[in-house]
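Below you'll find the structure, written out as structure tokens, and then a few comments.
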Ligand SMILES: [Zn+2]
């Protein structure tokens with residue numbers, strides 16, 4: 001058994017066609033994890049900060065509006081940010097899926113985003129909350145150091161004893177520096193804003209059946225595995241229809257998935273139990289096995305279908321792959 005217990009082919013196809021929002025406090029590692037999804041599954045990363053800078057630089061209509069606001073010392077309005085996201089989602093690389101990172105940050109933005117995505121027919125498939133204790137976040141951010149030459153980011157807490165922290169992208173790179181914003185006072189302030197404005201989105205998305213939570217207090221690779229495990233919770237089979245007939249199948253598949261997710265999204269344990277059931281282990285063993293295995297190592301589960309049908313779905317998928 002390799003790193004992943006599931007078939008990487010199927011899982012990869014499934015993950016590369018998801019519309020995902022990563023939610024988490026500043027410093028929870030969502031940027032890093034979004035990057036992983038980009039690298040592994042080719043999902044385009046929709047980062048509002050980058051998009052804004054690029055729109056301003058290119059002088060697009062929304063970019064000009066954003067620039068006007070920034071020049072006047074004002075915040076860029078939600079309407080402008082949404083317009084920029086909408087423009088980005090009109091590009092062909094986002095047809096299958098995308099990872100939205102850094103937006104929405106409050107309930108008004110979340111509602112506006114949902115309305116816009118409905119309008120263009122690209123509703124979200126999943127929202128993943130990466131949970132890290134605030135104490136750990138403060139430690140992480142205060143330990144951040146970056147290379148003035150190539151902007152690579154490192155952390156003093158990742159370095160082994162006796163090892164010097166230097167940029168690994170070249171011997172000629174200068175010593176690492178701490179960015180002025182990466183200090184404890186600033187971080188604490190940002191966490192307060194997150195708690196007040198962004199944290200309420202957790203309830204909002206939970207009610208919509210979109211939310212999955214993962215524990216982000218672990219090494220990056222472990223968190224990536226947990227993230228993939230969380231994303232794979234609904235059955236890849238529920239996407240089968242959309243794979244064969246994208247345009248007509250997508251909407252109904254998404255709807256079906258949301259409906260089936262609603263009950264269990266907040267309870268990852270139930271998925272483990274169901275997997276146990278599928279394998280027909282005795283009940284006692286099932287429970288302990290589920291407890292011992294980390295989320296990411298579990299196989300993706302076909303939700304809500306009786307065992308017989310589930311097996312058929314798996315067989316079908318295998319046939320299609322050939
Ligand atoms: Zn460097």
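A few points about this structure:
- Ranked by how many other beta carbons lie within 10 Å on average, peptides 186-194, 163-171, 134-142, 146-154 from highest: 134-142, 186-194, 146-154, 163-171
- Using the Cβ-Cβ distance between residue 193 and residue 86 with R0 = 30 Å, the FRET efficiency computed as 1/(1 + (r/R0)^6) comes to roughly 0.75.
- Gained length - residue 115 relative to residue 69, 0.36 nm times residue gap less alpha-carbon distance: 14.2 nm
- Residues within the reach of a label modelled at residue 153 (point 7 angstrom out along Cα to beta-carbon, backbone nitrogen below 13 Å), restricted to region 130-144, are 137-138, 140-144.
- Estimated at 0.36 nm per residue, the fully extended path between residue 54 and residue 131 surpasses their Cα-Cα distance by 24.7 nm.
Since every read-out is calculated from the coordinates, none of them should be taken as a lab result. Just so it is clear, the model here is predicted, and its values are computed rather than measured. Glycine gets a Cβ as well: all are built from the backbone with ideal geometry, and neighbour counts include every protein chain shown.
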